[in-house]
Each structure stands twice: as C-alpha cells, then as structure tokens.
1. List the pairs whose first member sits in the stretch 130-145 and is in contact (Cβ under 8 Å) with a residue 24 or more places away in the chain, whose second member is assigned to a loop (DSSP other than H, G, I, E, B) and open to solvent by 70 Å² or more (accessible area, probe 1.4 Å), and whose Cβ atoms are under 6 Å apart, counting only residues at least 6 apart or on separate chains?
2. Being in contact with an Asp or Glu (Cβ under 9 Å, 6 or more places away or on another chain) and not polar (S, T, N, Q) narrows it down to one of E104, E67, so name that one.
3. Residues E95, E116, E67: which one is acidic (D, E), touching a Leu at 6+ places or on another chain (Cβ under 8 Å) and over 23 Å from G27 (Cβ atoms)?
4. Select, from I87, I14, the only residue that is closer than 21 Å to A129 by Cβ, touching a residue at least 60 places away in the same chain (Cβ under 8 Å) and surrounded by fewer than 20 Cβ atoms within 10 Å (Cβ to Cβ).
Amino acid sequence: MSVPVKPIIDVHVIVRAGEKLLLSQRGGPYGHGQWHAPSGKLDPQEKPAVGAARELKEETALDVDPESLTLLHTVVHHQGDGTPDRIGFFYEATEFSGDPINREPDKCLALKWFAEHDLPAELIPYPAAGLHGSLTDPGGLTYHNWPTGMRP
C-alpha cells in the first residue's frame, strides 16, 4: 500500500492598484521569462495569509497586513510529473505600503504593472489559472491540469 503524498501549499498575492496588477517575471528555470503574481511556499505551521504577506515582502519589499488580504481563489494543481500536487491560495492586496523593488534578482527578471484587461500572454499556466479565477470567479475553486478521468 502506498503512502499518500502531502500536497505543497503555495500562496500568491495579486497586488492591485486600481485597474493595474503587479506581476513578476520568472528568472529561474521553472517558467523562465513568464509572468505570475508574487508567490511562494508556506513555512511549516504558517497561516496562509501570513505566508502571503511574508512572500510579498521578501520578493517585492511591499508591506501588507495579513488581515487586509482577501482570499479570492484557490487552485488545486496536479503536477503530473510524479512530484506532489499543489494547493494555491490566491490573495488580493489593495492596501500596501512601499514601492515595488525586485529583491530576488536571481529568481526574478522584472516587476511590472499590467492593466487588468491587458495581461501578458506569457503567464505560467498554474498561476494563470488562479489569476484568471480570481478575476472571473472570486471565491471559486479551480482544478488545474487534472487528467481526464482522474478524480480530483
């Protein structure tokens, strides 16, 4: 009997300033050159909103109170390569302080504001599912990359 593998928990922060959203361009091997919201993995025993605020600060220098974050969407992502699946919580930050600074130049090529209606085509597919779900189905749940016939 195989032991179930625990999923990886990710947090993503959609930083909103009016109709503009802050995105990060990946510089590492996964999704190189593609865009996504600032994100990262939860630390052990860390609450998701706290982890989201921490990741945002680490990557962009923006400060946000975890209590002010709004959970907009959740994605269950099937990796499909034998690694654990992921559960992604997509938060929106509309109240933050500071100016965005690329604090991880080894992992991030650029930070850029995009109009909500004019997002780049080069989005990493899994975070794109959460970003689009956040914009079109707030409070919803998306199963991403699940094979046909596989029960989520």
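1. Y143/P152
2. Criteria check complete, one pass: E104.
3. Of the residues listed, the single one that is acidic (D, E), touching a Leu at 6+ places or on another chain (Cβ under 8 Å) and over 23 Å from G27 (Cβ atoms) is E116.
4. I87
Yes or no, residue by residue, for (1) of a type outside the set (A, V, I, L, M, F, W, C); (2) open to solvent by less than 40 Å² (accessible area, probe 1.4 Å); (3) out of contact with any Asp or Glu (no Cβ under 7 Å at 6 or more places or on another chain); (4) not in a strand (DSSP E or B):
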| position | (1), (2), (3), (4) |
| --- | --- |
| K6 | yes, no, yes, yes |
| D43 | yes, no, yes, yes |
| E55 | yes, yes, yes, yes |
| E59 | yes, yes, no, yes |
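The values are calculated or read from the model by the stated rules, or taken from the named source; none is laboratory data. Please read all numbers here as calculations on a predicted model, not as lab measurements. When we count neighbours, we look across all protein chains shown, and the Cβ atoms used for this are built from the backbone with ideal geometry, even at glycine. All accessible areas refer to the heavy atoms of the entire protein, side chains included, with ligands and DNA or RNA removed. Shrake-Rupley method; radii C 1.70, N 1.55, O 1.52, S 1.80 Å.
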